[in-house]
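Engineer: So that we are looking at the same thing, I have put the structure below in C-alpha cells.
Please treat every number below as a calculation from the coordinates, not as lab data. Not measured: the values here are computed from a predicted model. Cβ: placed from backbone, ideal geometry, glycine included. Neighbour counts: every protein chain shown.
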Amino acid sequence: MIQENLLLTLALLPFVAALATTTLSAQAHGAAAWVSGLLLAAGLAILGILHGPIAAGQVLHSTIRWVPSLGLNLTFRIDAFVWLFVTLVLGIAILVLIYARYYLSKNDPVPRFYAFLMLFTGAMMGMLLSGNILMLVVFWELTSILSFLLIGYWHQGQAARDGARMALIVTGLGGLCLLVAMLLLGKIVGSYDLDRVLDSGDLVRNHPLYPAVLTLFLLGCFTKSAQMPFHFWLPGAMAAPTPVSAFLHSATMVKAGVFLLVRFSPVLGQTEMWFFAVTGTGMATLLLGALIALFRHDLKGLLAYSTISHLGLITALAGIGSSGAILAAIFHIVNHAIFKASLFMAAGIIDHETGTRDMRRLSGLMRFMPVTGSLAIVASASMAGVPLLNGFLSKEMFFAEAADWHNGTWLDNSLPWIATLAGVFAVAYSLRFIATVFFGPPPVDLPHQPHEPPAWMRRPVEALVLLCLIVGMLPGLTLGPTLNQAAQAILGPDLPYKNIAIWHGVNLPLIMSLVALAGGVALYALFGTRIAAGPEGPPLMHHFRAQKLFERLILLLTWKWPRSLYQFIGTERLQPQLRLVVLVALTVATVTLWGVLHPAAEALSTPLNPAFAAMWLVGGSCAVGAAWMAKYHRFAALVLLGGAGAVTCLTFAWLSAPDLAVTQLLVEIVTTALLLLGLRWLPKRREEIAEDKLRPARVRRARDLLLALIAGVGLATLAFVMMTYPLVPSVGDWFLRNAYKEGGGTNVVNVILVDFRAFDTFGEITVLAVVAVTVYALLRRFRPDPESLALPEPQDAVAQKSLAETLLVPAVIMRWMFPVLLVLAAYLFFRGHDLPGGGFSAGVTLSIAFLLQYLAHDVRWVEARLTVLPIRWIGIGLLISGLTGVGAFVLGYPFLTAHAQYVELPLVGQVPAATALLFDTGVFALVVGATVLMLIAIAHQSLRMARLRERDAPQPEKEAA
C-alpha cells in the first residue's frame, strides 16, 4: 500500500508544483524555481525509495478504479525501464529549472513559464507511468498541447507562434493516429491494460488488423520523435526559450516516440514489416539529419538537426529489436539526453552573453569564455563519439548492431555503410560547432561583449559534462546494472546480463568508429570554409524542403479548399447555414435508418386516445401559428411557442414522466422570459416591402416548412419506434430494479442523473457553465445601434414602464412571489431523490424567482436589494460536484460513486440520506449561477441602452435657449 501511494504521489508531484507556481506573483522568479525544484527533488527521493523492489525485477502498480466494467482505470505502473526514464526526466528538469532561473529576463512572466514546464513534466511522466494504453494516449496528447504553450512562450514573435502551431498540428495528428492504434490494440487483446497488451505479442502479430495497428502506431511515434518525413517541425521549435529546447530535445517530447518504440517492440516487432518500416525510417533520418546539421549556421538549428539524427539512430535500434539493439537504444537515450541538454544550455549561454546564435558571426570565444568553451567541447566530443566519453560507448554498440547479421535483406546489408557515413557527418558537424565558435580570430561587431555567465547558470552544464566523463570512463560501475535491468523489463527477466566496457579489442565496430572520426575530420578540413560561406542546408535540398510542402498542404486544407467550398455552398447568413446542417443530418439519418425502423405491430393497432389527439392538435396549431406569426408579431409568436411547450409538458405527464414534465415546465418559463427580454434587441421590422422582394421570402419559408415537416415526422417516427419496440432485456428495467437498492432513491430519473450517470451530468453542467460565461462575455462586448433595434422611443410612455407593467402584471405580485419561489425551490430540491424534482429543477425555480424581480423592476432597484454573484455560484457548484466525486476516490471507490443510508434525526426519526444530495447541491448552485448570469447580462444591456438614450436626449436648457 505504501508503494502504491508513493507511485501515485510521484505522478502527481509535477502537477502540484504547477499549481503552486501559479499562485506566485510575476516577480517571484526565485520562489517559482525553488518550489518547482524541491517538489521534483521529492520525486527523485521517491524513486530512490522504489529502486530496491524495482531493481529486483518487480513491477509496481497503483490503480484508481474509473470505469471497471469497461476496463478503464487510472493505472500507474513502474518497472526498471520506466524508472530509468522518469529519473532522467526529473533530473534534467531540475537542472533546466536552475538554468532557467538565470536565463530568463526579469520582464518575463516567469511563474507562468515554470507552471507550463511543470505541467509538461507531469504530462511526460504520466505518459511514462501509464498502465492503461488509453490513459497513455491522453498524456501523450497533453504533451503536445503543453509543448505548444512552451514553444510559443514568447508569443509576441512570429517565429514562436509558427513553430508552436506546426509542432501542435504534426504531433497532434500523430496522436490521433496513435489513439486509433491503441483502440484497435485493445480490441485485439481484449483489454486496455498495458501488462496484458505487452504479454500478447503473438496474438497481435498474427491478427489481420496488425498492419493497420502498426501503421497507425508508427505514425504516432514518428511524428512525435521527428522521423522522416515529419522531421521539419522540430527545427521550428527552436523559437522556444533555450531551457525549453534543452528539455524537449533531451529527456522529453521527442523521446516519447522512441520510448514507445522500445516499449512496444516485443509486441509489434520481430516482423519484416516492422524491420523495414522502423529501421529503414530510422537510418534515413539518421543520415538526413546529420547531413543537414552540417550546413546549419544557427547554433540551435545545428543542434536540432543533430537531435533528429540521433533520434533516427535510436529508432533504427528499436527496429532491429535484438537484445543488444534494445540495450544500445536505452543506453543512447540516456547518453543523448546528457550531452544534448548540456549542449543546448551552452548554446543558450553563448546566445545570452553575445546576443547572437549565428555561427558566421561567432569566433574565438575561447578567449572570453574559457570554462563554457571547455564544457561545450567535451559535450560536442561526446556527441561525435570520441573515446572515453559516454557517446562513444552507445554509438559503438550501435555500430556493432548495424554490422551484425539480421535477415540478409538489402537494408540489413546496407546498415554498416549508412551508419559509418552518418558517423562521418556527425563528427564533421560536431567539429564545426567547436572550431567555428570557440577558435579562430576574435569576434567583431557582436551585440554584446562576450563573457562568462553567472556561476549557477553554468552549474547544470558542468554537472552534465561531468556525467559524460564518468559514464564514459566507468560505464559498468555507473549505468551498467540499471541499463541491464531496463532491458530485462522490456525483453524479459531471462535476458543475460551484458557487461558494458570501454575496451572490447580491435573489432569491426571499433574500426567503424575510427573511420567515422577520421572521415569527419577530413570532411570538415576539406569543406569547412565552403560550408561556412554557403547557404543553410545541403545544395541539393534547397528546392525540396518538407516544411515548405507541409505549409503548402496546410494552406490547401485550411484556406484554399475550404474557401472554394465556402464560395460554392457558403453564406454569412445563419438560416442557410442551419438549413444545410439539418439537411445533412436528415440525409445521414435516412441512409442509416432506411429499412431498419420497424414499429411493433401491436403498437400500430393501439387506438389513439381522443383527448391526447386533441391536446396535440392544439400543440401543433400553436407551433404552426408561432412560425406564421413570427412574420407579423414577435410577441404573439412567443406566446404561441409557449403554448407548444405547455403541450409538451402535458405530454410528458401523460406518458408517466413527471420529472421531465416538471423540468420542461420550469425551463419553458425561463426560456420564454429570456426570449421576451431578448426580443428588445432584434432589428426593427421593415413596414413596407415591395412585392418582388416578398416572393423569395415566401419560397424560403415554404422550403423551411417542408424541411421542418420532414425532420419532425422523422424524429417522431424514430421516437415512436424506440418507445414501442420491445427491448429484452431493457436497460430501463435494470434501473427500475436497482434505483432504490443501489442509489437509495425511488425517483429513478434523479438516481440515474446523480448516481448511475453522474459523470455525464458533471460533463453537462460543465458545458452549461461554459455556455453561460460565453454568453455573458459576448453580451458584455455587444454594442448595439439604438437606431436599428426594436426599442420604443424615449418619449413613448410605454418606455418608461417596466416590462411587467407593459404585460399588465402588477410588480408587487412579482415581488411577493420571491419568497414563495424560494420555498418551492427548497421543496423540489429536498424531495428530488424520491419524488419529481431535484437540483436542476430547484435551480431553475430559484432562477425564476430572480428573473421575476428583473422583469418587475429596474435593474438598479433589484441590485440595490439583491446581491447575486452568479460566477461564484457557478464556481462553487462545480467545486461541490467535483469534490463529491473526489471524496469517493479518498474512500477507495470510483469517481462520483454515491452512498445512501438512513439517518436518525431527533424528533423526526429515520430519514433517507445520500451523498448524491451533495452532488445535486452542486448542480443546483451551478444552474442558478448560469441562468442568472445570462439574465444579468441582458438586464445590464437594457440599462446601458437607457443610459445612452438619456445621454442623447435633448437637454431642457438647450431647448429653452
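Engineer: If we sort 248-260, 144-156 on the protection proxy, mean other Cβ atoms within 10 Å, highest first, what's the order?
Structural biologist: Output ranking for 248-260, 144-156: 248-260, 144-156.
Engineer: Let's test the formula: R0 of 25 Å, r as the Cβ-Cβ distance of A56 and R196. What FRET efficiency results, to the nearest 0.05?
Structural biologist: 0.65
Engineer: Describe numerically, in nm with one decimal, the distance between label points set 7 Å from Cα along Cα→Cβ at L203 and at L617.
Structural biologist: For L203 paired with L617, the spin-label model returns 6.3 nm.
Engineer: Return the whole-Å distance between the Cα centroid of segment 176-234 and the Cα centroid of segment 709-749.
Structural biologist: Here the answer is 38 Å between Cα centres.
Engineer: A further question on this structure: Which order do the peptides 377-389, 205-217, 185-197, 488-500 take when ranked by the mean count of other beta-carbon atoms within 10 Å per residue, highest first? Don't skip to the end; give the middle numbers.
Structural biologist: Details: 377-389: 23.7, 205-217: 16.2, 185-197: 18.5, 488-500: 14.5.
For the peptides 377-389, 205-217, 185-197, 488-500, the packing ranking is 377-389, 185-197, 205-217, 488-500.
Engineer: Let me spell out the model: positive unit charges on the Cβ of Lys and Arg, negative unit charges on the Cβ of Asp and Glu, origin at the Cα centre of the chain. What dipole size does that give, in debye rounded to 20?
Structural biologist: 1960 debye
Engineer: Follow-up. Taking every pair of Cα atoms in segment 269-524, average 1/r, invert it to obtain the Kirkwood radius, and report Rg/Rh to two decimals.
Structural biologist: Working: Rg = 18.5 Å, Rh = 18.6 Å.
So for segment 269-524, dividing Rg by the Kirkwood Rh gives 1.00.
Engineer: Further question on the same structure: If one takes the longest principal axis of the Cα atoms in the chain, at what angle in degrees, from 0 to 90 and to the nearest 10, does the Cα axis of helix 758-780 lie?
Structural biologist: Its long axis makes an angle of about 80 degrees.
Engineer: Can you compute the helix-only [θ] at 222 nm over the chain? Use -39500 (n - 2.57) per DSSP H run of at least 4 residues, normalise by all residues, nearest 500 deg cm²/dmol. Could the numbers behind the result be given before it?
Structural biologist: Working: 41 runs with 674 residues, N = 961.
Only helices count here, giving -23500 deg cm²/dmol.
Engineer: Listed here are the pairs K187/K340; K106/K395; K187/K300; K106/K340; K187/K498; which of them are more than 31 Å apart at the Cα?
Structural biologist: K187/K340; K106/K395; K187/K300; K187/K498
Engineer: Next question, about the same structure. Considering the values [x] 2, 9, 16, 18, 16, 14, 12, 8, 4, 1, 0, 0; [y] 2, 10, 18, 21, 20, 15, 9, 4, 1, 0; [z] 2, 9, 13, 16, 15, 12, 10, 9, 7, 5, 2, 0, 0, which represents P(r) over Cα pairs in 10 Å bins from 0, in percent as calculated for the structure under consideration?
Structural biologist: Checking each listed value against the structure points to [x].
Engineer: Ordered by residue, what ³J(HN,Hα) values in Hz, to whole numbers, does segment 467-479 give under the Karplus form 6.51 cos²θ - 1.76 cosθ + 1.60, where θ = phi - 60° and Gly and Pro are x?
Structural biologist: Ordered by residue, 3J(HN,Hα) equals 5, 4, 6, 5, 5, x, 9, 10, x, x, 8, 9, 9 Hz.
Engineer: So, one more: Points 7 angstrom from Cα along the Cβ direction at L778 and R703: gap in nanometres?
Structural biologist: 2.4 nm
Engineer: To continue, here is another question. Nearest 10 degrees, 0 to 90: what angle lies between the long axis of helix 410-438 and the longest principal axis of the chain (Cα atoms)?
Structural biologist: 90 degrees
Engineer: Can you compute log10 of I(q)/I(0) for segment 230-360 with the Debye formula, treating each Cα as one identical point scatterer, at q = 0.10, 0.15, 0.19, 0.22 Å⁻¹?
Structural biologist: -0.32, -0.68, -1.00, -1.24
Engineer: Here is a follow-up. Angle check, please: helix 634-654 long axis (alpha carbons) against the longest principal axis of the chain (alpha carbons), in degrees 0 to 90, nearest 10.
Structural biologist: Orientation of helix 634-654: about 80 degrees from the principal axis.
Engineer: Extending each Cα 7 Å along its Cβ direction at R459 and L822, get the distance between those two points in nm, one decimal.
Structural biologist: 6.1 nm
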